[in-house]
């Protein structure tokens, strides 16, 4: 492995005293000193997790960027750190935790990475949160494994292919939208031209390790496929791969051989009728093929991703069939039918009052012509924004509201504000969104006016403004052109663009709904009229403001 060996020797020459210039990667890595590591971790004060050879701490850079610092326990493991940095630095992918830099001083061997806020997949599957069990719907599980399959396929097909070697829920981090990011490249390997990597030092996790690798010491892309198969079984059963003397895969394979017996292992939370069982059967069949002992019979990761995407289409088809009927309008034809959204859970009015202190004026953070926004705090201590709607004819608009929630809840994108929950009780209609402590773009540009819970704003540089505009455009592009149910926003203004860490802008889902049939791709020349026109405040396209039927082009005003 000349490629890896030469790079490793170059890396070790730094000895922690010379700034890392580049490590054959697509972005610069920063070299940290021991004092800098101590400073950004506040003296290693916040432990996030620990393993056999390292501990992970929360850190904050001088620019307020949150980071995770993986510190090796043994100061003599410089070669292990170098190998991890070299492999990790080759990958620039949205589903891999971003590497920022490292420290090679013996008393502070450390790797600095982006901080991912939602913990790891094992927390969601097996440990829950402070409130106990976490609701984890099938489509969200599928979305996670699809993205994981895609990034593993990408790694396996690189010019210098990379094997992760330790795929398991603990090494899969989740961001605020439950998008997965692979972490911990401590035993990952760059493989040779014959597609294998042989070692006498066999390392892996009990329950996930490819049996063929443990017998021969030969690591191949199919070793990751095996571990991914274990992960698939965990996702559909919500059981641990190894729990004491009980091994999940042994039980799964025995049940699979007995046909429908395997269905008894499915997590009851995601079993909803025959169609969901059919999807789970397909996932179980795929997992079983990934677990075949003869690795040549296991599928490639690219095939795994394709088959999982088909499963997702089946889930989406089932969901569309369960949606309120539509016949050329935006509202259900049966006004008494109350279909519940499938992506987020409802919250009771009593709970809303509790988290907003009975909609106290002290928690009011925003006000519009048809709504008030209150700062709330959920049971898991996350802050949220509660938008309490004020419709003059609430009962008439109940179905419209539910359809709106259904559409917004399915907008999962890094540049769209996440809907966390909703309330429809009596004459109260409310939407619960993730909270942005930096406030809206309007707040930053024009100054806050006593917004509760918001952090002080600061002048935006030109680069920041360009990044905000780009993030907003990507969010709108997803909503209008790429989402499962195409939506037109109608109210693009600076108050409806929220700012998060790293100047990421997210569009608020504050819009009307149309074209509920996802098979219809929006024709830009199509026009639609709405019974309730918003207050544009100078942002509305002239043709819409003057009552001309509504066009897709208006969203870009």
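Here are the numbers for the structure shown:
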{"read-out": "495, 296, 357 arranged by Cβ crowding within 10 Å, fewest neighbours leading", "value": "296, 357, 495"}
{"read-out": "Per-q log10 I(q)/I(0), the stretch 121-322, q = 0.13 Å⁻¹ (Debye; single scatterer per alpha-carbon; no solvent)", "value": "-0.69"}
{"read-out": "R0 of 35 Å, Cβ-Cβ distance residue 297-residue 345: FRET efficiency to nearest 0.05", "value": "0.25"}
{"read-out": "Exposure proxy ranking, count of Cβ atoms within 10 Å, fewest first, for 74, 390", "value": "74, 390"}
{"read-out": "Computed lengthening from residue 381 to residue 460, 0.36 nm per intervening residue step minus Cα-Cα distance", "value": "25.5 nm"}
{"read-out": "Cβ-Cβ FRET estimate between residue 367 and residue 309, R0 fixed at 35 Å, reported to 0.05", "value": "0.25"}
{"read-out": "Sequence ranges 144-151, 43-50, ranked by mean other-Cβ count within 10 angstrom, highest first", "value": "144-151, 43-50"}
{"read-out": "FRET efficiency, 1/(1 + (r/R0)^6) with R0 60 Å, evaluated for residue 79 and residue 446 via beta carbons", "value": "0.65"}
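Any read-out appearing in this document is the output of simple, stated calculations on the displayed coordinates, not a laboratory observation. Not measured: the values here are computed from a predicted model. With ideal geometry, Cβ positions are generated from the backbone for all residues, glycine too; neighbour counts draw on all protein chains shown.
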